[in-house]
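The values are calculated or read from the model by the stated rules, or taken from the named source; none is laboratory data. Keep in mind the model is a prediction, meaning the values are calculated, not measured. Neighbour counts are summed over all protein chains in view; Cβ atoms, including those assigned to glycine, are modelled from backbone coordinates with ideal geometry. These area figures cover heavy atoms from the full protein model, side chains too; ligands, DNA and RNA do not enter into them. Shrake-Rupley method; radii C 1.70, N 1.55, O 1.52, S 1.80 Å.
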Amino acid sequence: MNHFHLRDGVMHVENVPLPAIAEAVGTPVYVYSRATLERHAQVFAEALAGLGGDADGPLLAFAVKANPNLAVLKVLQRQGYGADVVSSGEMRRALAAGMAPEKIVFSGVGKTAAELDEALDAEIGQFNLESEEEGIELSAIAAARGVEARCALRVNPDVDAGTHDKISTGKADNKFGVPIGEAPAIFARLAALPGLRLRGVALHIGSQLFELAPLERAFEKLGRLIADLREAGHAITHADLGGGLGVPYKPEDAPPSPAEYGAMVARVTRGWDVRLVFEPGRVIAGNAGVLLTRVIRVKRGVADPFVVVDAAMNDLARPAMYGAWHDFAAVTPGDDRMRANIVGPICETGDTFATGREIERVGSGDLAVFRTAGAYGATMASSYNSRGFVAEVLVDGDRFATVTERVPADAMMGAERVPDWLA
Ligand code: LLP
């Protein structure tokens, strides 16, 4: 069931025609489908139901970094999801969306003392410690307050996830976690500190994974670590398997399905006797959103024409940053096609969404979308070229709402000051 579809020749999100959103909110604008978010959340949950040795099933902690919009988090909270957060800003969003503190997992290599303090205040479910140094610091803060922080030690399993280098996180030279070989000794030292209840282990090897084999290798290593830790007398009750499942960006892409992923997890984790935690991001939000844009004009090129759209790399950074592909589709497509370079208005060649791409013919003033923009889209936006921050809309059946107002460039200018001594 696809909630982004043509009806009477016009692309709709659920029952709302995209031109109506462009008219009301302007472009560029991210448009999310509530039904799609819910469906993805349910399919992922069903694929893992029954795993993890807990009556409630595993803890599903949505990776807030993928789409931190409050309304999106609210949709997922209503589906029973918790949150994987990497900053106090993300933690506050998860709490504001009504996620239960015990369903919040705090990851990240650079948690500051102030953030650790705030997370203890909020009584979040679990700190995923990324280093011994972080554990020592958290121990001191928690012990001084007379509380115990529930912790998992994040390990780096030294597995190549086979994805883009910039989003690989599980190789030995990446900054994440502690080397798995050193984990037993580090775990033992941290477990002896006051203020910490070291109850589990965690890993996350990368994002947009198209192969289950690297995940399986990493999980097998984690299973052996759990056995070793138990043998050394530690009580291991939780294992956090991270996120990373890839999504299709092109029609021909065929990432593993949540069901295949779930079957692999079931096989590898049999007998672990822990509560499993998952941190899915892209697989929930990626295909639940598009970036709606308007063609400013079509400019002649030497080989192919340039379709200049009003969205740019500051609104959707993935093509410029990772060479990522986002399908481009006209909102009111005709039968004609064209070969074009799709570019934004920003003053660098990196502001290119596609080169020599076969697309439906579009002209000045036409609306179009970049698909699969629901994850790592708006959240990675900037105001480069003083373009302001892009708006976001959530569709629900026949209705839609602006869930993030466009932040105009003037608002950014309003935060700036010219010091007296320059006036
Ligand atoms: N857990 C941890 C600790 C993570 O670092 C991440 C993603 C996730 C979970 C969620 O991974 P997912 O299920 O979404 O693959 N900006 C990049 C993606 C960066 C991912 C960073 N970590 C992109 O646009 O492709």
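Relative contact order, percent, of the chain when contacts are C-alpha pairs under 8 Å separated by at least 6 residues?
Details: 975 pairs, mean separation 79.8, N = 423.
Relative contact order of the chain: 19 percent.
In straight Cα distance, which lysines are under 30 Å from residue 74, not counting same-chain residues fewer than 8 positions off?
Partners found: 65, 103, 111, 166, 250.
Taking the Cβ-Cβ separation of residue 24 and residue 259 as r and a Förster radius of 45 Å, what is the calculated FRET efficiency to the nearest 0.05?
Values: r = 38 Å, r/R0 = 0.85.
E(calc), rounded to 0.05, equals 0.75.
Please report, as a whole percent, how much of the solvent-accessible surface of segment 1-105 comes from carbon and sulfur atoms (probe radius 1.4 Å). If you can, show how the numbers build up before the last one.
Details: 1950 of 4060 Å².
Percent of accessible area from carbon and sulfur atoms in segment 1-105: 48.
Each label point is 7 Å from the Cα along the Cα-to-Cβ direction; what then is the distance between the points at residue 70 and residue 143, in nm?
Inter-label distance under the simple model: 3.9 nm.
Round to a whole number: what % of the accessible area of segment 252-376 belongs to carbon and sulfur, probe 1.4 Å? Intermediate values should be presented prior to the final figure.
Working: 2390 of 5010 Å².
Roughly 48 percent of what the probe reaches on segment 252-376 is carbon or sulfur.
In deg cm²/dmol, rounded to 500, what helix-only [θ] at 222 nm does the chain give when every DSSP H run of at least 4 residues adds -39500 (n - 2.57) and the total is split over its residues? Please list the in-between numbers first.
Working: 12 runs with 120 residues, N = 423.
That comes out to -8500 deg cm²/dmol.
About its Cα centre, what dipole magnitude does the chain give when the only charges are +1 on Lys and Arg Cβ and -1 on Asp and Glu Cβ, stated in debye to the nearest 20?
Numbers: 42 positive and 55 negative charges, 74 e Å.
Computed charge dipole of the chain: roughly 360 debye.
Treat every Asp and Glu Cβ in segment 133-172 as -1 and every Lys and Arg Cβ as +1, leave all other atoms uncharged, and give the resulting dipole magnitude about the Cα centre to the nearest 20 debye. Mind showing how you got there, number by number?
Details: 5 positive and 7 negative charges, 32 e Å.
Computed charge dipole of segment 133-172: roughly 160 debye.
If packing is taken as the average number of other Cβ atoms within 10 Å across a peptide's residues, how do 171-181, 360-370 rank, most packed first?
Values: 171-181: 16.4, 360-370: 19.0.
Output ranking for 171-181, 360-370: 360-370, 171-181.
Residue separation times 0.36 nm, minus the C-alpha to C-alpha distance between residue 322 and residue 361: what's the value?
Values: separation 39, 0.36 × 39 = 14.04 nm, distance 2.63 nm.
Gain on stretching residue 322 to residue 361: 11.4 nm.
Using the heavy atoms of the protein chains and a 1.4 angstrom probe, tell me the accessible area per residue for the chain in square angstrom. Could the numbers behind the result be given before it?
Numbers: 18090 Å² over 423 residues.
Per residue, the chain has 43 Å² of solvent-accessible surface.
How long are the three semi-axes of the equivalent ellipsoid for segment 1-60, computed from the Cα gyration tensor as the root of 5 times each eigenvalue, in whole Å, largest first?
Numbers: eigenvalues 241, 32, 8 Å².
Largest first, segment 1-60 gives 35, 13, 6 Å.
State, as an integer percentage, the relative contact order of segment 34-283 based on alpha-carbon contacts under 8 Å between residues 6 or more apart. Please report the intermediate quantities before stating the final value.
Numbers: 523 pairs, mean separation 51.9, N = 250.
Answer for segment 34-283 is 21 percent.
Residue 388's amide H: which non-local residues (gap 5+, or another chain) put their own amide H closer than 5 Å, with H modeled 1.01 Å from N in plane and none for Pro or chain starts?
Residues meeting the criterion, in which the H sits 1.01 Å from N, are 409.
At 0.36 nm per residue, and after removing the present C-alpha to C-alpha distance, how many nm does the segment from residue 185 to residue 228 gain when stretched out fully?
Full extension from residue 185 to residue 228 adds 14.4 nm.
How compact and how long is segment 332-400, expressed as Rg and Dmax of its alpha-carbon atoms in Å?
So, for segment 332-400, Rg and Dmax equal 14.6, 39 Å respectively.
Can you quote the Å³ per residue value for the convex hull of the Cα atoms in segment 83-193, rounded to an integer?
102 Å³
To the nearest µm²/s, what D does Stokes-Einstein give for the chain at 4 °C and 1.567 mPa s, using the Kirkwood radius over alpha carbon pairs as Rh? All intermediate terms of the calculation are to be shown ahead of the outcome.
Working: Rh = 22.7 Å.
Estimated via Stokes-Einstein, D reaches 57 µm²/s.
Take the Cα radius of gyration of segment 284-423 and divide it by 2.2 N^0.38 Å, with N its residue count; two decimals is plenty.
On the way: Rg = 16.6 Å, N = 140, 2.2 N^0.38 = 14.4 Å.
Scaled against compact globular proteins, the figure is 1.16.
When only the heavy atoms of the protein chains count and the probe is 1.4 Å, how do 302, 407 rank by accessible area, highest first?
Numbers: 302 155, 407 55 Å².
Ranking 302, 407 by accessible area, largest first, yields 302, 407.
Rounded to the nearest Å, what's the spacing between the alpha carbon centres of segment 276-331 and segment 132-192? Just the number, please.
35 Å
Within a Cβ distance under 9 Å of residue 279, other residues only, what is the Lys/Arg minus Asp/Glu net charge?
Net of charged neighbours comes to -2.
Run the quick spin-label model on residue 15 and residue 55: label points 7 Å from Cα toward the beta carbon, then report their separation in nm to one decimal.
My value for the distance between the label points is 3.9 nm.
Largest first and in whole Å, what are the equivalent-ellipsoid semi-axes of segment 34-283 based on the Cα gyration tensor, each being the root of 5 times an eigenvalue?
Numbers: eigenvalues 138, 94, 55 Å².
Taking √(5λ) for each eigenvalue gives 26, 22, 17 Å, largest first.
Modelling each spin label as a point 7 Å along the Cα-to-Cβ direction, I'd like the residue 336/residue 197 distance in nm, to one decimal.
Result: 6.7 nm between the two label points.
Mind checking the dipole of segment 34-283: about its Cα centre, +1 per Lys or Arg Cβ, -1 per Asp or Glu Cβ, Debye to the nearest 20?
Values: 27 positive and 34 negative charges, 99 e Å.
Computed about the Cα centre, the dipole is about 480 debye.
If I stretch the segment between residue 252 and residue 211 completely, what's the gain in nm (0.36 nm per residue apart, minus their alpha carbon distance), one decimal?
On the way: separation 41, 0.36 × 41 = 14.76 nm, distance 1.54 nm.
Gain on extension, residue 252 to residue 211, equals 13.2 nm.
Given H placed 1.01 Å from N in the peptide plane, which residues other than close sequence neighbours of residue 196 have an amide H under 5 Å from its amide H?
Residues meeting the amide H criterion: 149.
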